[in-house]
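Structure, as structure tokens:
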Amino acid sequence: MKNKNGFTLIELLGVIAILGLLVGLATFATAKIIANSKNKTDDITIKNIKEAAISYYLDNSNNYKINNSNCILTSDNKSDIENLRNDCKVTKTINELINSGFLKGDMKNIDKTKSVIVYAYKDGNNIDYRAYIQE
């Protein structure tokens, strides 16, 4: 019998196929993780924009009367929010929130000309303030 000093072609092809499969799975998993992290980042950015708009209102609330009983909404219906009288809402663009110091951070993927509406919302006996970003 001869001494066997290497791998056969079939063995090498098998190893290459397994490695290719592992690389493919790793690439798919990495792409999924990156997509999920971008979605989470976008959600956090939207939450920060809304909180900045509410903070703006609270710091300047003596200039606005959105908690007047005629202005308080009991639903989060988009058309109800957008059709509120001007004296019943505070509307600021994202740029205005940045320039007034209420919003900081990198906003590369955000359209800074979008408006954010702050309005009063009644839930049972409680009134709180909510923000809505216009499309």
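The values are calculated or read from the model by the stated rules, or taken from the named source; none is laboratory data. Just so you know, these numbers come straight off a predicted model, no measurement behind them. Cβ coordinates were reconstructed from backbone atoms using ideal geometry, including for glycine residues, and neighbour counts include every protein chain displayed.
The table for this structure:
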item: Qualifying residue in the stretch 109-129 (condition: farther than 20 Å from Asn48 by Cα, charged (D, E, K, R) and modelled with pLDDT under 90); result: yes
item: Selection from the stretch 99-121 of residues that are within 22 Å of Lys40 (Cβ to Cβ) and either not in a loop (DSSP other than H, G, I, E, B) or not charged (D, E, K, R) (or both); result: Leu103, Gly105, Met107, Asn109, Ile110, Val116
item: Candidates Ile44, Ile66, Ile33, Ile16, filtered to the one that is β-branched (Val, Ile, Thr) and touching a helix residue (DSSP H, G or I) at 6+ places or on another chain (Cβ under 7 Å); result: Ile66
item: Condition check for Ile46: on the phi < 0 side of the Ramachandran plot, in contact with a strand residue (DSSP E or B) (Cβ under 7 Å, 6 or more places away or on another chain), of a type outside the set (Asp, Glu) and surrounded by 10 or more Cβ atoms within 10 Å (Cβ to Cβ); result: yes
item: Residues of the stretch 80-98 satisfying the condition of being part of a loop (DSSP other than H, G, I, E, B) and either of a type in the set (A, V, I, L, M, F, W, C) or surrounded by fewer than 16 Cβ atoms within 10 Å (Cβ to Cβ) (or both); result: Asn83, Leu84, Arg85
item: Residue match in the stretch 57-66 (condition: hydrophobic (A, V, I, L, M, F, W, C) and without any contact (Cβ under 8 Å) to a residue 40 or more places away in the chain); result: no
item: Residue satisfying all of: in the stretch 65-79; assigned to a loop (DSSP other than H, G, I, E, B) and in contact with a Cys (Cβ under 9 Å, 6 or more places away or on another chain); surrounded by the fewest Cβ atoms within 10 Å (Cβ to Cβ) among these; result: Asn70
item: Tally, over the stretch 98-116, of residues that are in contact (Cβ under 8 Å) with a residue 40 or more places away in the chain and within 19 Å of Asp59 (Cβ to Cβ); result: 5
